Amino acid sequence: MGSLESPVGYFFADVEGSTERWEKAPGPMQIAMARLEALTDELFAQHGGVIQDRAGDGVFAIFKLGNPLQCALEMQLAMQRSDWSSVGGLDLRIGVHAGEDVGDNQVDRVVANRGARIMSSGWGGQIVVSDDAADNFGTPEHAQLRDLGVCRFKGIKDALHLASLVHPALRRTEFPPLRSTLFDGAAAEMLAGPIFGRQAELSEVVSTLSQRRLVTLVGLGGNGKTRLALQVGAEVASSKPVCFASLEALAGPAELPVALASCLGLQLGRPFR
Ligand SMILES: Nc1ncnc2c1ncn2[C@@H]1O[C@H](COP(=O)(O)OP(=O)(O)OP(=O)(O)O)[C@@H](O)[C@H]1O
Ligand SMILES: [Mg+2]
């Protein structure tokens, strides 16, 4: 975290739902993907990004010069301006991370792996930015970084503090929670400390949760229910998305649906269309 001596931006982008689109309309997808490639090539060239890899319908570029956040914003705006109706619409999810320069033509694989996970935790149309990227590259004009909290990813040792880059010209600025364990505030702090014992309870709750929709931990005040529940969340998060909704501040049961919906990024009271 913090300032890097020679920051390098790690930029990952990927098409949401591309497999289904290829299945449905391979011909139009071929044309759309060629257009997408031209669009991303042009923006990387403009902003100093050097492509390292194109895997499937995704792309990975590094930025030793220029600003990957600016590039990300302009890429989403260019996506919005283009007509993708031939393939039922097309949305990019973008992840931006940063690391120290490790030499000519070299990529820091640890940073790259994290960057890829950051990208794949996001949703179509979203730009997910790590604090390292935010600390070392300027936020584009009129853009804002919306805090997403501290996230844990399977296989990644450190928790990553992430934000969503939003801008008034972007069509979509509200997204569901990231596909990761998302713990912020007091929960993240509690989870950052070690857990003592509780291994038997931990495996019991994890296994019960795989068979039941609701598991309740009951015990005396302060005996470790919340700590255990958070640990369960961190374990289960390797196989499914996990959200933490603190109910401590609720005045009564009537507020429960709202608290759960807001944690899941759902809006209540609007008809589904
Ligand atoms: N197994 C554990 N290892 C490390 N710290 C723990 C453990 N269990 C509890 N703690 C710590 O003890 C404190 C109280 O635990 P916690 O908040 O989980 O209890 P609780 O049962 O949820 O309490 P309440 O009934 O007030 O909600 C916290 O600071 C928590 O981090
Ligand atoms: Mg508690």
Inset, instruction - Just need a number here: residues in the range 140-171 that are at pLDDT 85 or above and over 19 Å from Pro241 (Cβ atoms). - result: 13
Inset, instruction - Kindly provide the set of residues from the range 228-273 that are at pLDDT 85 or above and touching a Lys or Arg at 6+ places or on another chain (Cβ under 8 Å), ordered by number. - result: Leu228, Gln231
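Would you tally the residues in the range 44-82 being among the aliphatic types (A, V, I, L, M), touching a residue at least 24 places away in the same chain (Cβ under 8 Å) and either within 22 Å of Arg109 (Cβ to Cβ) or surrounded by 19 or more Cβ atoms within 10 Å (Cβ to Cβ) (or both)? It would help to see each step written out before you state the result.
At the first step, the residues of the range 44-82 found to be among the aliphatic types (A, V, I, L, M) are 45, 50-51, 55, 59, 61-62, 65, 69, 72-73, 75, 77-79.
Retained after the next criterion (residues that are touching a residue at least 24 places away in the same chain (Cβ under 8 Å)): 59, 61-62, 69, 72-73, 75, 77-79.
Now restrict to residues that are either within 22 Å of Arg109 (Cβ to Cβ) or surrounded by 19 or more Cβ atoms within 10 Å (Cβ to Cβ) (or both): 59, 61-62, 69, 72-73, 75, 79.
Residues that pass the stated criteria total 8.
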Inset, instruction - Give the number of residues within the range 22-56 that are of a type in the set (Lys, Arg) and under 23 Å from Ile118 (Cα atoms). - result: 1
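Residues that are of a type in the set (Val, Ile, Thr): find the strands (runs of 3 or more DSSP E) completely inside the range 65-160 holding 3 or more of those. Show your work before the answer.
Working: elements: 92-100, 127-130, 144-152.
The qualifying strands (runs of 3 or more DSSP E) are 127-130.
Of all residues in the range 7-34, which are among the hydroxyl-bearing types (Ser, Thr, Tyr) and in contact with a strand residue (DSSP E or B) (Cβ under 6 Å, 6 or more places away or on another chain)?
First, pick out the residues of the range 7-34 that are among the hydroxyl-bearing types (Ser, Thr, Tyr): 10, 18-19.
Within the range 7-34, just Tyr10 meets the criteria.
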Inset, instruction - Test Val50 against the stated conditions and say whether it is in the same structural domain as Ala112 (by TED's automatic domain parsing), modelled with pLDDT of 95 or more and touching a helix residue (DSSP H, G or I) at 6+ places or on another chain (Cβ under 6 Å). - result: no
Inset, instruction - Pull up the range 182-234, narrow it to residues that are farther than 18 Å from Phe244 by Cα and in a helix (DSSP H, G or I), then point me to the one that is farthest from ligand 1 (Cβ to nearest atom). - result: Gln211
Legend entry - Subset of the range 136-149 (residues that are surrounded by 14 or more Cβ atoms within 10 Å (Cβ to Cβ) and touching a residue at least 40 places away in the same chain (Cβ under 8 Å)): Asn136, Phe137, Thr139, Pro140, Ala143
Inset, instruction - Considering (1) modelled with pLDDT under 95; (2) closer than 27 Å to Tyr10 by Cβ, say which one Gly193 fails and leave the rest. - result: (2)
Legend entry - Tally, over the range 1-37, of residues that are over 25 Å from the mean Cα position of the chain (by Cα), surrounded by fewer than 18 Cβ atoms within 10 Å (Cβ to Cβ) and of a type in the set (A, V, I, L, M): 3
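For the range 200-216, does any single residue satisfy the condition of being at pLDDT 80 or above, within 13 Å of ligand 2 (Cβ to nearest atom) and touching a strand residue (DSSP E or B) at 6+ places or on another chain (Cβ under 8 Å)?
The initial filter retains those residues of the range 200-216 that are at pLDDT 80 or above, namely 200-216.
Applying the additional criterion that residues be within 13 Å of ligand 2 (Cβ to nearest atom) yields 216.
Narrowing further to those that are touching a strand residue (DSSP E or B) at 6+ places or on another chain (Cβ under 8 Å): none.
No, there is no match, as no residue in the range 200-216 is at pLDDT 80 or above, within 13 Å of ligand 2 (Cβ to nearest atom) and touching a strand residue (DSSP E or B) at 6+ places or on another chain (Cβ under 8 Å).
The values are calculated or read from the model by the stated rules, or taken from the named source; none is laboratory data. Note that the structure is a prediction, hence the values are computed from the model and not measured. Methodologically, a virtual Cβ is constructed for each residue, glycine included, from the backbone with ideal geometry; neighbour enumeration extends over all protein chains shown.
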